[in-house]
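The values are calculated or read from the model by the stated rules, or taken from the named source; none is laboratory data. Bear in mind that the values here come from a model prediction, so they are computed numbers and not experimental data. Neighbour counts run over all protein chains shown; Cβ positions are idealised from the backbone, glycine included. Please note that ligands, DNA and RNA were not included when accessible areas were found on the heavy atoms of the full protein model with its side chains. Shrake-Rupley method; radii C 1.70, N 1.55, O 1.52, S 1.80 Å.
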Amino acid sequence: MSSKNSTTFKFKQFDINQTGCAMKVNTDAVLLAAIADHSNPISILDIGTGTGVIAMMLAQRFTDAIIDAVEIDQLAFQTSKENFENSIFKNRLNAHSNSFQDFLQKEDSKYDLIVSNPPFFLKSLPSENKSKMVARHADEHFYTDLAKIIPQRLNPAGHLTMILPVETAKYAIKLFSEQDLW
């Protein structure tokens, strides 16, 4: 991974333009895409795709996978869509401008792998910038909805992989364990 300039990152097989995105390509996203594990996922869902870096890294790793990438922020959605269209994986990447709740209520797809680098902050460190607020902050409903919906959308041998700070992870683990997700 190398930076061509301040708005574009070049990876082995693709470039990520991150112009205008509140959340730029970062270590968390790259690590999440690198550690997300499944033997051979055919269907992948990326919740909160942002620039699309996680979806594109997964497309590079899992060459048979079809990936749905959901993004609620309109500018980030446009950026990810353009990144997808400019990539060699464009036939396997689908950008959706929705909340994951709305997207999954309309779709009845099941996934082998679901990944998310979700908003980290719950009721803390609010931002004046609306895009940063959406990208970095969630309320409890985000995680309770995730815990309720994900079990219905994972295939029986499916995996959910997220990256979270410790306090948010404790909260999410409690919610997911109540839904028999481990």
Exercise. Could you please tell me which pairs satisfy a Cβ distance under 8 Å, a separation of 6+ or placement on different chains, a first residue in segment 13-25 that is closer than 17 Å to A59 by Cβ, and a second residue that is open to solvent by 40 Å² or more (accessible area, probe 1.4 Å) and of a type in the set (A, V, I, L, M)?
Key: Q13/I88; F14/I88; V25/M1
Exercise. Among what's in segment 59-80 and is in contact (Cβ under 8 Å) with a residue 40 or more places away in the chain and charged (D, E, K, R), pick the residue that is nearest to L45 (Cα to Cα).
Key: D68
Practice problem: Please indicate, with yes or no, whether at least one residue in segment 9-24 is within 13 Å of the chain's Cα centre (by Cα) and part of a strand (DSSP E or B). | Solution: no
Quiz item: Is it true that some residue in segment 102-122 is assigned to a helix (DSSP H, G or I), modelled with pLDDT of 90 or more and surrounded by fewer than 16 Cβ atoms within 10 Å (Cβ to Cβ)?
Solution: yes
Exercise. Looking only at segment 67-80, decide whether some residue is touching a His at 6+ places or on another chain (Cβ under 8 Å) and β-branched (V, I, T).
Key: yes
Practice problem: Can you give me the number of residues within segment 30-65 that are within 22 Å of E107 (Cβ to Cβ) and either among the basic types (K, R) or touching a Pro at 6+ places or on another chain (Cβ under 9 Å) (or both)? | Solution: 6
Practice problem: Considering only segment 1-10, state which residues are at pLDDT 50 or above, under 19 Å from I88 (Cα atoms) and open to solvent by 70 Å² or more (accessible area, probe 1.4 Å). | Solution: K10
Quiz item: Which of the residues belonging to segment 11-69 are among the hydroxyl-bearing types (S, T, Y), at pLDDT below 95 and open to solvent by 20 Å² or more (accessible area, probe 1.4 Å)?
Solution: T19, T27, S39
Quiz prompt | Enumeration of residues in segment 147-174 that are in a helix (DSSP H, G or I), open to solvent by less than 100 Å² (accessible area, probe 1.4 Å) and modelled with pLDDT of 90 or more | solution = A147, I149, I150, P151, R153
